[in-house]
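Participant: Okay, handing you the structure first.
The values are calculated or read from the model by the stated rules, or taken from the named source; none is laboratory data. Not measured: the values here are computed from a predicted model. Cβ: placed from backbone, ideal geometry, glycine included. Neighbour counts: every protein chain shown. Calculation scope for accessible area: heavy atoms of the full protein, side chains included, ligands and nucleic acids excluded. Shrake-Rupley method; radii C 1.70, N 1.55, O 1.52, S 1.80 Å.
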Amino acid sequence: MSRSAFLGAGLHTALGAGVARNIDALFSTPPKAGAADIRVGEETVHVPALLLHERPLVDIEARFWAAAEAVVGEAIANAGLSADEVREAALVLGTSSLDIAISEAIYEGELAEGREAHPLTANSTMGRLAQRLRKAHGIRGPEYTICTACTASANALIYADALIASGRVRHAIVVGVEIFNKITALGFHGLELLAPNGMRPFDAARAGLTLGESCAALIVGAPKQSGGFHLRGGANLCDIFGISAANPDGSTVADVIRMALADSGLQPEQITGIKAHGTASLLNDEAEAAGMRLVFSDLPPVCALKPFIGHTFGACGVTELILFCGMAERGYFPAAPGICAEPSDLEIRLPQTPLPIEPGIFQLNFFGFGGNNTSLVIANVG
Amino acid sequence: MSDEIILRAHGDYYAPVGETPPDVRDLSKQTLGKQVRRVGRFIHLALIGAARCVGAAAPPPHTATFMSSRRGDLETNIEVLEELFARAQMPKPLSFINTVSNASCYYVARHFGLHGRSCFVTGVCFSFEMALQAALLDFEMGQVRSALVGGLDTVAAPLAIDRARLGLSPDAPVGEASHWLWLERGQAAAGDTVLETVEAFTDRAALIAWLKARDFAPETTLLAPGQFLSDADAAAIAAEISLTRTFAYRADLAYYDGQAGGALGAFKSANDLDGCTLTHINADPEGRYALFVARRVDA
């Protein structure tokens, strides 16, 4: 069974602008996180962050649109879509924080000028980001903005695939955008989920996450006869155990992994490798490790990509998928040097150098606030 | 006879808002039979609409939850922004978590014990239509057999500022609504309302071509103009496909963004429409269109 094919991508993360630069960087060690300083009254909060490469946190609105619009253009060019194909395509955006960074900057600026300011007066419409990306590239097909926290762009891929399978569109542009904003940064700071020592998923020294930024775009279209990555299946379920953490017994994680396998017509032993969500938080890594153990009696190789790019929240679905596919297309399974080299309390070990791999079938997992759990199965074999 | 997507139930909250958006905690407690704590009006209104839709029934645990809103939980977002930038205070952890748009889906799913798919969809003019289409796609792909689909739009005080956000005149009537549908796959019976399709169109020519190919019967087809479709365009479309009957479900509503969310429930409840088809058409300022089609099974 083959569903939508991945035809071209665009990517900008802390590793660089452009897909190739990002993949090159995965052969090195993860970058050291910087810090974004946020002033709150008399206090300055240092937030560990991996910001967009060569896009300093100045002129917030301009950097936002420049990065987001560029990756869509890169993906369209790499897929070789014609202007007519772009016009008819769907745009399916997954994001958690939308363009709140811009709204923050406007409101903060108005207050600084001493004006009687109210938040969200320049824009209170959640669809503006997708609308702007669509207009910038002449896209007139169906437009979805999916907001399901850290699973948003993974879910966007599921709906893009369904739109194609239903015959409603020939191509869909799946976009993930997550740009640094103070509410998210301070929200995670307040929840004590930010790590001072970088992201160390499944590691005994794991202590939370580093904020990441990403703009990512993936063009998907009808299945191709010859090679390349495609979606085999996927699933999304709601875990009502808690709004901010999965059930630590792993049962709900296992449910969504099994459902994605069933949707793909596969058994666990057919999975070549797993890209874990790996937020490096105590409870979520525990739930994810337990869930994988419940499904896989013999766990295939597991990788985690957030040490390289931080947690890119709603964008992590399509961002990490592009990174994973790029590595696999070069014949390697991603490593996380210096992280979880030996099995920790969670009995997970991450590769320390990129592992040579043949084409295969891979499972990519994503979990988010609001109990939103998503699993994708992708393949570069028939 | 193949299964169809049946509108099993619908439930609505709608209220014009005077100068202050109402405190709905008591209504929420009364409707749900218990107090849901530490959530704002947006989530309370989501729960109220969903509970009115479901009534005394219990949706199966695999039921999916879809929600749409043009502006989401505006009050919580405003509160967090004001707290941080105007009062220089850290966001409260729970307020921050509730800024996540799908928090509302979570609370609905938790209240009804639902473990199925959960999705929050937004858009500028077609937020409800796209959430409904997402649900339809999941039915078509076999991912879902039961789904709650909600559309929720609220206002924020002070209303003078919120009218400006909405681009409305200072005296324009504004309201709030929480519209919910319960869709299930099954064998339709006489009087059932069946969702047939949800479509989006790049331009008017594509819309008209689709409508003409569908060849709706004028005597049994009702055109429901969406809130962003101009009266002139609605009349022109009706003329081009020879429709004369309309379904005016929005006649007396104060302004809120997602009025399309109330159309299917109104159609299901209307008298003497068995055997009729509803074609709801909406437009955006760029000349794109979205529609959904439902029919009442003849007695």
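Participant: Spin-label point model (7 Å from Cα, Cβ direction): what's the A:Ala204 to B:Asp26 distance in nm?
Facilitator: Placing both labels 7 Å along Cα→Cβ, they lie 5.9 nm apart.
Participant: Moving on to the next point. At 1.4 Å probe size, with no ligands or nucleic acids counted, give the accessible surface of B:Ser169 in Å², nearest ten.
Facilitator: The accessible area of B:Ser169 comes to roughly 60 Å².
Participant: Between A:Pro119, A:Ala136, A:Gly109, whose Cα lies farthest towards the positive end of the dipole of segment A:100-177 when Lys and Arg beta carbons carry +1 and Asp and Glu beta carbons carry -1, centred on the Cα centre?
Facilitator: Ranked along the dipole, the leading option is A:Ala136.
Participant: Which angle between 0 and 90 degrees, to the nearest 10, do you get for helix B:204-214 versus the longest principal axis of chain B when only C-alpha atoms count?
Facilitator: 50 degrees
Participant: Now for a different question. Would you compute, from DSSP H runs of 4+ residues alone, the mean residue ellipticity of chain B at 222 nm, taking -39500 (n - 2.57) per run and dividing by the full residue count, rounded to the nearest 500?
Facilitator: Roughly -9500 deg cm²/dmol at 222 nm, from the helical runs in chain B.
Participant: Here's another thing I want to ask about it. Straight-line reach only, C-alpha to C-alpha below 25 angstrom: list the lysines that A:Lys182 could link to, leaving out same-chain residues fewer than 8 apart.
Facilitator: Qualifying lysines at Cα under 25 Å: A:Lys32, A:Lys306, B:Lys92.
Participant: Same structure again: What is the ratio of the Cα radius of gyration of the protein assembly as shown to 2.2 N^0.38 Å, where N is its residue count, to two decimals?
Facilitator: 0.91
Participant: While we're on this one: Please compute the Cα-Cα pair-distance distribution of segment A:104-255 with 10 Å bins starting at 0, giving whole percents from short to long.
Facilitator: Per 10 Å bin, starting at zero, the Cα-Cα P(r) for segment A:104-255 comes out as 8, 26, 32, 24, 9, 1, 0 percent.
Participant: When the accessible area of chain B is split by element with a 1.4 Å probe, what percent falls to carbon and sulfur?
Facilitator: Numbers: 5320 of 10610 Å².
C and S atoms contribute 50 percent here.
Participant: Hey, another quick one. Across peptide A:151-163, what mean number of C-beta atoms from other chains lies inside 10 Å of a residue's C-beta?
Facilitator: The shielding value for this peptide is 3.
Participant: For chain A, what is the mean residue ellipticity at 222 nm derived from helices alone (per DSSP H run of n ≥ 4: -39500 (n - 2.57); sum divided by total residues; nearest 500 deg cm²/dmol)?
Facilitator: Dividing the helical sum by the residues of chain A leaves -10000 deg cm²/dmol.
Participant: Could you give the radius of gyration (one decimal) and Dmax (whole number) of the Cα atoms in chain A, in Å?
Facilitator: When restricted to the Cα atoms of chain A, Rg and Dmax are 19.5, 63 Å.
Participant: Could you give the radius of gyration (one decimal) and Dmax (whole number) of the Cα atoms in segment A:1-160, in Å?
Facilitator: Cα radius of gyration and Dmax of segment A:1-160 are 17.9, 61 Å respectively.
Participant: Of B:Leu159, A:Thr148, A:Phe296, whose Cα points farthest to the positive end of the dipole of the protein assembly as shown (charges on the beta-carbon: +1 Lys, Arg; -1 Asp, Glu; origin at the Cα centre)?
Facilitator: Result: A:Phe296.
Participant: Not counting ligands, DNA or RNA, and with a 1.4 Å probe, what is B:Met90's accessible surface area in Å² rounded to the nearest 10?
Facilitator: Ignoring ligands and nucleic acids, B:Met90 comes out at about 60 Å².
Participant: Dipole of the protein assembly as shown (Lys/Arg Cβ +1, Asp/Glu Cβ -1, origin at the Cα centre): which of B:Gln133, A:Ile322, B:Ala232 lies farthest to the positive side?
Facilitator: My answer, from the dipole projection, is A:Ile322.
Participant: Between segment B:69-134 and segment A:48-109, how many Å separate their Cα centres?
Facilitator: For segment B:69-134 versus segment A:48-109, the Cα centre distance is 21 Å.
Participant: So what is the accessible area of the protein assembly as shown per residue, in Å², with the probe set to 1.4 Å?
Facilitator: About 34 Å² of surface per residue is accessible.
Participant: With charges only on Cβ, +1 for K and R and -1 for D and E, what is the dipole size of segment A:258-301 about its Cα centre, in debye, rounded to 20? Don't skip to the answer; put the middle values down first.
Facilitator: Values: 3 positive and 6 negative charges, 11 e Å.
The dipole of segment A:258-301 has a size of about 60 debye.
Participant: Per-residue Cβ counts within 10 Å, from other chains only, averaged over A:111-119: what number is that?
Facilitator: 4
Participant: Could you rank the peptides A:163-171, A:217-225 by their average count of other C-beta atoms within 10 Å per residue, with the highest value first?
Facilitator: A:217-225, A:163-171
Participant: Then there's this: So for the pair B:Asp203, B:Ala239, with labels modelled 7 Å out along Cα→Cβ, what separation do we get in nm?
Facilitator: That separation, rounded to one decimal, is 2.1 nm.
Participant: Computed over the Cα atoms of segment B:31-128, what is the convex hull's projected area averaged over all directions, in nm²?
Facilitator: About 6.9 nm², averaged over all directions.
Participant: Could you check the spin-label model distance between A:Gln352 and A:Glu113? Points 7 Å from the Cα along Cα→Cβ, value in nm.
Facilitator: In this crude label model, A:Gln352 to A:Glu113 measures out at 5.7 nm.
Participant: If the only charges are +1 at each Lys and Arg Cβ and -1 at each Asp and Glu Cβ, what is the size of the charge dipole of chain B around the Cα centre, to the nearest 20 debye?
Facilitator: Magnitude of the dipole: close to 1000 debye.
Participant: Evaluate the charge dipole of chain A about its Cα centre and quote only its size in Debye, nearest 20, assuming +1 on the Cβ of each Lys and Arg and -1 on the Cβ of each Asp and Glu. Can you show the working numbers first?
Facilitator: Values: 26 positive and 39 negative charges, 202 e Å.
With Lys and Arg at +1 and Asp and Glu at -1, about 960 debye.
Participant: Along the principal axes of its C-alpha atoms, what lengths does chain B span, in descending order and rounded to whole Å?
Facilitator: Sorted from largest, the Cα extents of chain B read 60, 43, 31 Å.
Participant: Between A:Gln267 and B:Ala56, take the C-beta separation as r, use R0 = 41 Å, and let me know the FRET efficiency to the nearest 0.05.
Facilitator: With R0 = 41 Å, the Cβ-Cβ based efficiency is 0.50.
Participant: Here's something else I'd like to know. What percentages make up the Cα-Cα pair-distance distribution of segment A:281-382 when the bins are 10 Å wide from 0?
Facilitator: 13, 48, 37, 3
Participant: Averaged across A:183-196, how many Cβ atoms of other chains sit within 10 Å of each residue's Cβ atom?
Facilitator: Taking all residues of A:183-196 together, the mean is 4.
Participant: Could I ask something else about it? Among the aspartates and glutamates, which have Cα under 18 Å from the Cα of B:Lys34 when same-chain residues fewer than 8 positions away are ignored?
Facilitator: B:Asp23, B:Asp26
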